[in-house]
Amino acid sequence: MLGLRALLRGARGAWAWACPQVHASLATGPRQNDGTFYEIRTYDVKPSKMKEFVEMFNKHIHLRAAHSEMVGLWTAEFGGMNKAIHIWKFDNFAHRAEVRKAVANDKEWQEKFISPVLPFLNKQNNEIAYLVPWCELGKPAKEGGVYEMVTFQMKPGGPALWGQSFRAAISAHLNTGYTKLIGVFHTEYGLLNRVHVLWWNENPDSRAAGRHYAHEDARVVAAVRESVRFLESQQNMLLIPMPCSPLK
């Protein structure tokens, strides 16, 4: 028995020696202290039904918004076609469960929106995400303008691995002053090690001019060069807020 115990201790020691960074590399790192999270929903709509879908959303979304807070609702202009993206805020998972139950039992919402709209959809996707600890949900400088959602797929390891470099890259762009940061969301459910960064600009041309300026800024170039070491892929979508969106 003593020989077996010694063998097991030796095996555990060998594992710890071979994988000394396993806990650090798999940790997600810090996040907001409270339980507040955001559900990011993406709907792929049949092209022939997009106009009707948007009209239905604008007409009836108040029924759904009566149950919980909607952050924003957009359609994709560039980077993805016939897509609708909406973000909902929840206090915690118990709150979301209560809301989902209430929504399912809301006959007016189910009859006026859900039943008619479901045939319009090709696909639905949802993610649960937290704001990163160093970011608060922002608002645009004024109504109007466009939003850009930049989705970064980072290497496995979470913010414990790439968080500092990622924050530096975001801050470098923000410090140029050409754009307004709305939120930085790190996924908890869905594809992990994914970060959605939501920006606001007055219009697509001001965004393009600002990006051109930023790419000539040595501080931005240095920060991005460091951050991309941990990047696997990136997708940009230009979003247009719907009339019913709180962020517009």
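The values are calculated or read from the model by the stated rules, or taken from the named source; none is laboratory data. The structure presented is a predicted model; accordingly, all values stated were derived computationally and were not measured. No Cβ is skipped: glycine too gets one built from the backbone with ideal geometry, and neighbour counts run over all protein chains shown. Areas reflect the complete protein model, heavy atoms only, side chains present, ligands, DNA and RNA absent. Shrake-Rupley method; radii C 1.70, N 1.55, O 1.52, S 1.80 Å.
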Just round it to a whole percent: the fraction of Cα-Cα distances in the chain exceeding 23 Å. 57
With the contact rule set at Cα under 8 Å and sequence spacing of 6 or more, what percent relative contact order holds for the chain? 28
Label-point separation in nm, ALA104 to GLN235, each point 7 Å along Cα→Cβ: 2.8
Rounded to the nearest 10 Å², the accessible area of LYS46 using a 1.4 Å probe with every protein chain kept is 80
Probe 1.4 Å, heavy atoms of protein chains only: per residue, the accessible area of the chain in Å² is 55
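Pop the C-beta distance of ALA94 and VAL228 into the FRET formula with R0 = 45 Å and round what comes out to the nearest 0.05. Show your work: numbers first, answer last.
Numbers: r = 39 Å, r/R0 = 0.86.
Efficiency computed from Cβ-Cβ geometry: 0.70.
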Between ALA208 and ILE128, what is the label-point separation in nm under the 7 Å Cα-to-beta-carbon projection? 4.1
With the chain treated as a Gaussian network of Cα nodes joined by springs under 10 Å, which of ALA172, ALA129, ALA65 yields the largest mean-square fluctuation? ALA65
Gaussian network model of the chain, springs between alpha carbon atoms under 10 Å - residue of ALA214, ALA66, ALA169 with greatest fluctuation: ALA66
Give the distance, in whole Å, between the Cα centre of the range 156-180 and the Cα centre of the range 70-143. 25
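Is the C-alpha gyration tensor of the range 108-248 telling us rounded, prolate or oblate? Criteria: a/c under 1.5 is rounded; beyond that, a/b larger than b/c is prolate, otherwise oblate.
On the way: a/c = 2.28, a/b = 1.40, b/c = 1.63.
Oblate, because a/c is 1.5 or more while a/b does not exceed b/c.
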Identify, among ALA97, MET50, CYS244, the residue whose Cα sits farthest towards the positive end of the charge dipole of the chain, taking +1 on the Cβ of Lys and Arg and -1 on the Cβ of Asp and Glu, with the dipole about the Cα centre. ALA97
How large is the Kirkwood hydrodynamic radius of the range 168-248, in angstrom, based on all distinct alpha carbon pairs? 14.2
If you take the charge dipole of the range 155-209 about its Cα centre, with +1 on Lys and Arg Cβ and -1 on Asp and Glu Cβ, which of PRO204, PRO156, PHE185 is farthest toward its positive end? PRO156
For the range 214-220, Karplus couplings with θ = phi - 60° (6.51, -1.76, 1.60), whole Hz, Gly/Pro x: 4, 6, 9, 8, 4, 5, 5
Mind putting a number on the dipole of the chain about its Cα centre? Charges go on the C-beta only, +1 for Lys and Arg and -1 for Asp and Glu, and I need it in Debye to the nearest 20. 640
Points 7 angstrom from Cα along the Cβ direction at ASP217 and THR176: gap in nanometres? 0.6
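Using a 1.4 Å probe over the heavy atoms of the protein chains, calculate the carbon and sulfur portion of the accessible area of the range 89-202 as a whole percent. All intermediate terms of the calculation are to be shown ahead of the outcome.
Working: 2740 of 5620 Å².
Summing carbon and sulfur atoms, their accessible area is 49 percent of the total for the range 89-202.
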Divide by every residue of the chain the summed helix terms, -39500 (n - 2.57) for each DSSP H run of at least 4, and state the resulting mean residue ellipticity at 222 nm, rounded to the nearest 500 deg cm²/dmol. -11000 deg cm²/dmol
The answer for trypsin sites (Lys or Arg not before Pro) in the range 141-186 that fall in a DSSP coil and have at most 12 neighbouring Cβ atoms within 10 Å is LYS142
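Across the range 33-149, how large is the tail of the calculated P(r) beyond 22 Å, expressed as a percent of all Cα pairs?
Numbers: 2611 of 6786 pairs.
Summing the P(r) tail past 22 Å for the range 33-149 gives 38 percent.
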Straight-line reach from LYS89: which lysines have Cα under 19 Å away, leaving out those fewer than 8 places along the same chain? LYS101, LYS139, LYS248
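Mind listing which GluC sites (Glu not before Pro) in the range 41-147 are in a DSSP loop and have 15 or fewer other Cβ atoms within 10 Å? Write out the running numbers ahead of the final one.
Values: sites: GLU52, GLU55, GLU69, GLU77, GLU98, GLU108, GLU111, GLU127, GLU136, GLU143; in loops: GLU136, GLU143.
Qualifying residues, ordered by number: GLU136, GLU143.
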Counting only the heavy atoms of the protein chains, how much of HIS212 is accessible to a 1.4 Å probe, in Å² to the nearest 10? 120
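Within the range 205-234, report the GluC sites (Glu not before Pro) that DSSP leaves as loop and that have at most 12 other Cβ atoms within 10 Å. Spell out each step's value before the answer.
Values: sites: GLU216, GLU226, GLU232; in loops: GLU216.
Qualifying residues, ordered by number: GLU216.
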